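Colleague: Here's a structure for you.
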Amino acid sequence: MSDSASTSPITIETYTGAALAPFLGDLARLRITVFRAFPYLYEGDEGYERGYLETYVKTPHAAVILARAGGRVIGAATCLPLAAESANVQAPFRARGLAPERFFYFGESVLLADYRGQGIGVAFFTAREAHASAVSNADFATFCAVQRPPDHPARPPDYVPLDSFWRKRGFTPRPELSCVMRWREVGATEESEHRLGFWVKSLTGAPLP
């Protein structure tokens, strides 16, 4: 870990609406940096990212949890009502008769490598669950993660999936729920389809559907 990473005080705060706007550039660059690595292998574009992140400025009840070290954005986690997400993300729920209004969607959690293992990821989940409970009547939290085969050629030898971490946060994988997203992988010239599987957690004690 770098000296700056170990000495700068870290703050974790929830931002909504217009208060988030000044951070869009930093968030776009952070997403591009983190998602370039396995398992996403995402070749990002800052202009596209800024446009995507505008969703969290404009959508009622959406929030971004920002982690900053000495004022620098070093991590972020997003959330919004599932009913406000794109149709392809809602589709697997609707296909099984699960009302999107019962779910709060945790979009992504990104953190620079130097700051991992310090409890920030846990704090991201705690803050998003608190926000979801404060602004909605959602019974469940859900997120999705890209599915990669164990023998994927880009998989680093020391790669450890986050399944155990997510289970400790109370989430359960739901193999019957999955969606497809498109993005351009590192080294590719065109976008391709990627399947992502959902995890679900009860926020209210309601039984998992």
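Every residue, every condition in (1) under 16 Å from the mean Cα position of the chain (by Cα); (2) assigned to a helix (DSSP H, G or I); (3) among the basic types (Lys, Arg), yes or no:
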{"site": "60", "(1), (2), (3)": "no, no, no"}
{"site": "64", "(1), (2), (3)": "yes, no, no"}
{"site": "76", "(1), (2), (3)": "yes, no, no"}
{"site": "90", "(1), (2), (3)": "yes, yes, no"}
{"site": "114", "(1), (2), (3)": "no, yes, no"}
{"site": "117", "(1), (2), (3)": "no, no, no"}
{"site": "131", "(1), (2), (3)": "yes, yes, no"}
{"site": "138", "(1), (2), (3)": "no, no, no"}
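Colleague: Going by the conditions given, is residue 140 at pLDDT 95 or above, crowded, with 20+ Cβ neighbours inside 10 Å and over 26 Å from residue 32 (Cα atoms)?
Modeller: Answer is yes for this residue.
Colleague: From the list 67, 91, pick out the single residue that is touching a helix residue (DSSP H, G or I) at 6+ places or on another chain (Cβ under 9 Å), of a type in the set (Gly, Ala, Ser), within 28 Å of residue 185 (Cα to Cα) and touching a residue at least 12 places away in the same chain (Cβ under 8 Å).
Modeller: Values: 91 fails: touching a helix residue (DSSP H, G or I) at 6+ places or on another chain (Cβ under 9 Å).
The match here is 67.
Colleague: I've got another one for you. Has the stretch 31-51 got any residue that is closer than 16 Å to residue 120 by Cα and assigned to a loop (DSSP other than H, G, I, E, B)?
Modeller: no
Colleague: State all residues of the stretch 195-209 that are part of a loop (DSSP other than H, G, I, E, B) and either loosely packed, with under 10 Cβ neighbours inside 10 Å or among the small types (Gly, Ala, Ser) (or both); if no residue qualifies, say none. Give the derivation first.
Modeller: Residues of the stretch 195-209 part of a loop (DSSP other than H, G, I, E, B): 203-209.
Within the stretch 195-209, 205, 206, 207 qualify.
Colleague: Determine, yes or no, whether residue 36 is crowded, with 21+ Cβ neighbours inside 10 Å, under 15 Å from the mean Cα position of the chain (by Cα) and charged (D, E, K, R).
Modeller: On the way: crowded, with 21+ Cβ neighbours inside 10 Å: no; under 15 Å from the mean Cα position of the chain (by Cα): yes; charged (D, E, K, R): yes.
No.
Colleague: In addition: If I filter the stretch 149-188 down to residues being touching a residue at least 24 places away in the same chain (Cβ under 8 Å) and among the acidic types (Asp, Glu), which single residue comes out as least open to solvent (accessible area, probe 1.4 Å)?
Modeller: Restricting to residues being touching a residue at least 24 places away in the same chain (Cβ under 8 Å) and among the acidic types (Asp, Glu), the top hit is 185.
Colleague: Another one. What about residue 91, is it open to solvent by 30 Å² or more (accessible area, probe 1.4 Å), at pLDDT 95 or above and over 24 Å from residue 170 (Cβ atoms)?
Modeller: On the way: open to solvent by 30 Å² or more (accessible area, probe 1.4 Å): yes; at pLDDT 95 or above: yes; over 24 Å from residue 170 (Cβ atoms): yes.
Criteria met by residue 91.
Colleague: Taking the condition of being of a type in the set (Ser, Thr, Tyr) and under 20 Å from residue 203 (Cα atoms), how many residues in the stretch 148-183 meet it? Explain how you work it out, then say what you get.
Modeller: Taking the stretch 148-183 and keeping what is of a type in the set (Ser, Thr, Tyr), we get 159, 164, 172, 178.
From what is left, the residues that are under 20 Å from residue 203 (Cα atoms) are 164, 172.
Summing the residues that are of a type in the set (Ser, Thr, Tyr) and under 20 Å from residue 203 (Cα atoms) in the stretch 148-183 gives 2.
Colleague: Take the stretch 7-24 and flag every residue that is open to solvent by less than 60 Å² (accessible area, probe 1.4 Å) and within 13 Å of residue 56 (Cβ to Cβ).
Modeller: If the condition is that a residue be open to solvent by less than 60 Å² (accessible area, probe 1.4 Å) and within 13 Å of residue 56 (Cβ to Cβ), then 15, 17, 19, 20, 21, 23, 24 are the ones that fit.
Colleague: Looking at the stretch 101-111, can you tell me whether even one residue there is modelled with pLDDT of 95 or more, among the small types (Gly, Ala, Ser) and open to solvent by 20 Å² or more (accessible area, probe 1.4 Å)?
Modeller: yes
Colleague: Same structure again: Looking only at the stretch 157-194, filter to residues that are in a loop (DSSP other than H, G, I, E, B) and among the aromatic types (Phe, Trp, Tyr); which one of those is nearest to residue 143 (Cα to Cα)?
Modeller: 171
The values are calculated or read from the model by the stated rules, or taken from the named source; none is laboratory data. The model shown is predicted, which means the values in this text are computed figures rather than measured ones. FYI the Cβ positions are ideal-geometry reconstructions off the backbone, even for glycines, and counts take in every protein chain you see. Please note that ligands, DNA and RNA were not included when accessible areas were found on the heavy atoms of the full protein model with its side chains. Shrake-Rupley method; radii C 1.70, N 1.55, O 1.52, S 1.80 Å.
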